[in-house]
Amino acid sequence: MSLPARNSQANETKETTIRSGSCQAGLLTIQQFLQPDFCAQLRAEMHQSLSQLAMVRVKGAQPSVDKTVRKTDEVKISLQSWATLEHYLIELKSQIEQCFKIDLVGIDKPEILSYHEGHFFDWHTDGSDDDPMTRNRKVTTVVYLNGADEASGTDHYIGGELEIYAHDLIPKEEYKARSLKLSPETGLLVSFGSRVLHRVQPILKGTRYVIVAHWISQLP
């Protein structure tokens, strides 16, 4: 992960809710990209898995744990579930390329993440032209395995919204003081450019289960 200098403007942004749709304004969203039964299976495997704190990469330094910037657990799923997930993601490649108008060679190994109460990820980008380890990341994909409302069942959570700095999506003056906040749904997929500033707000209750994948292209 590439961390820019703390953006005070982004921390004071107004919020706009994103509705699930297609490819627009630098975002690709797909409802029920994964079916509820498969999401429930993945959540169960993640709940039983051993975990370790996910690391963060600051430009010029080796990846390390920094709980002031990122606090979330990285977990595992079964090999069979992994193969199924990878198949679904690879099938998405042409749609990602069309939406973001870019040629891709594949994806990095997806991160399987559990955000428990108090977990968060501060403002950051997932790729940087100045970082040789992340500069080939072009598009970030997040897949929600549970939602943030009671209709999602017993595995719903409160807090943990994905918040995106709007000006990185729409470079117009009126968007400099705005952020876009996504309302999660079970199985929802959202993709955006890996150089877009974003954060995960703290979890207030429950556990947020997500898959994060980074699409890569050949370096120029």
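The values are calculated or read from the model by the stated rules, or taken from the named source; none is laboratory data. Every value quoted in this text rests on a predicted model; they were computed, and no experiment measured them. Neighbour counts run over all protein chains shown; Cβ positions are idealised from the backbone, glycine included.
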Note: among Gly26, Gly60, just one is modelled with pLDDT under 95, out of contact with any Leu (no Cβ under 8 Å at 6 or more places or on another chain) and within 25 Å of Pro132 (Cα to Cα), namely Gly60
What about Lys67, is it at positive phi, loosely packed, with under 14 Cβ neighbours inside 10 Å and either at pLDDT below 95 or out of contact with any helix residue (DSSP H, G or I) (no Cβ under 6 Å at 6 or more places or on another chain) (or both)? no
Flag for Ile112 being in contact (Cβ under 8 Å) with a residue 12 or more places away in the chain and assigned to a helix (DSSP H, G or I): no
Just to be sure I understand, how many residues within region 174-184 are surrounded by 19 or more Cβ atoms within 10 Å (Cβ to Cβ) and either under 21 Å from His87 (Cα atoms) or out of contact with any Gly (no Cβ under 9 Å at 6 or more places or on another chain) (or both)? 4
Those residues of region 172-190 which are touching a strand residue (DSSP E or B) at 6+ places or on another chain (Cβ under 8 Å), not in a loop (DSSP other than H, G, I, E, B) and not β-branched (Val, Ile, Thr), in sequence order: Arg178, Ser179, Leu180, Lys181, Leu182, Leu189
Of the residues that sit in region 154-190 and are among the small types (Gly, Ala, Ser) and touching a helix residue (DSSP H, G or I) at 6+ places or on another chain (Cβ under 8 Å), which one is modelled with the lowest pLDDT? Ala177
For region 190-220, what are the residues that are within 19 Å of Glu45 (Cβ to Cβ) and of a type in the set (A, V, I, L, M, F, W, C)? Val210, Ile211, Val212, Ala213
Can you list residue pairs whose Cβ atoms sit under 9 Å apart, with the first residue in region 158-173 being surrounded by fewer than 18 Cβ atoms within 10 Å (Cβ to Cβ) and hydrophobic (A, V, I, L, M, F, W, C) and the second being at pLDDT 90 or above and in a strand (DSSP E or B)? Count only pairs 6 or more apart in sequence or on different chains. Ile158/Ile203; Ile158/Leu204; Ile158/Lys205; Ile170/Arg178
If I filter region 70-109 down to residues being among the basic types (Lys, Arg) and assigned to a loop (DSSP other than H, G, I, E, B), which single residue comes out as surrounded by the fewest Cβ atoms within 10 Å (Cβ to Cβ)? Lys101
Is it true that some residue in region 139-146 is at pLDDT below 90, touching a Lys or Arg at 6+ places or on another chain (Cβ under 8 Å) and either on the phi > 0 side of the Ramachandran plot or outside any strand (DSSP E or B) (or both)? no
